[in-house]
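What follows is one structure encoded as structure tokens, with my remarks underneath.
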Amino acid sequence: MTLAEFRASLTNAKPPSLPPLLVALWHDATGDWDAAHRVAQEIEDEAGAWVHAYLHRKEGDLGNAAYWYRRAGRAVATAALEEEWETIVAELLAQ
């Protein structure tokens, strides 16, 4: 799936059949932060921590976000939220 196809799927009623972290980011982009967070917090690898960090940054909980960025082995993001979302989605789609 391409980034453009992923974006196009955001108008669907349900997320496409994708790995959990992409489903979490799909929920986030469709306005369901809680569903996104529920999925992300179940993934205990660095990619899960990155998505978790992004979600807490979006929520405005910067202290918690910083913790998750450290767990992800990444610097705290300073780019616009939309830019970070796109970067994460693109990286996950490339895996």
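Please treat every number below as a calculation from the coordinates, not as lab data. Quick caveat: nothing in here was measured; it's all calculated off a predicted structure. We place every Cβ from the backbone using ideal geometry, glycine too, and count neighbours over all the protein chains shown.
Summary of values
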quantity: Relative contact order (percent, whole number), the chain, Cα cutoff 8 Å, 6+ residue spacing; calculated: 25
quantity: Residue order, fewest to most surrounding Cβ atoms within 10 angstrom, among Val89, Val23, Val76; calculated: Val76, Val23, Val89
quantity: Helical contribution to [θ] at 222 nm, DSSP H n ≥ 4, -39,500 (n - 2.57), averaged over the chain, rounded to 500; calculated: -20000 deg cm²/dmol
quantity: The stretch 72-88 - phi-based ³J(HN,Hα) in whole Hz, Karplus 6.51/-1.76/1.60, Gly and Pro as x; calculated: 7, x, 10, 5, 4, 5, 10, 5, 4, 4, 4, 5, 5, 4, 5, 4, 5
quantity: Whole-Hz couplings from phi, Karplus 6.51/-1.76/1.60, listed for the stretch 23-30; x for Gly and Pro; calculated: 5, 4, 5, 5, 4, 4, 5, 8
quantity: When the chain is reduced to its Cα atoms, the Kirkwood hydrodynamic radius in Å; calculated: 13.1
quantity: Under 15 Å, Cβ to Cβ, from Ala77 - net charge with Lys/Arg +1 and Asp/Glu -1; calculated: -4
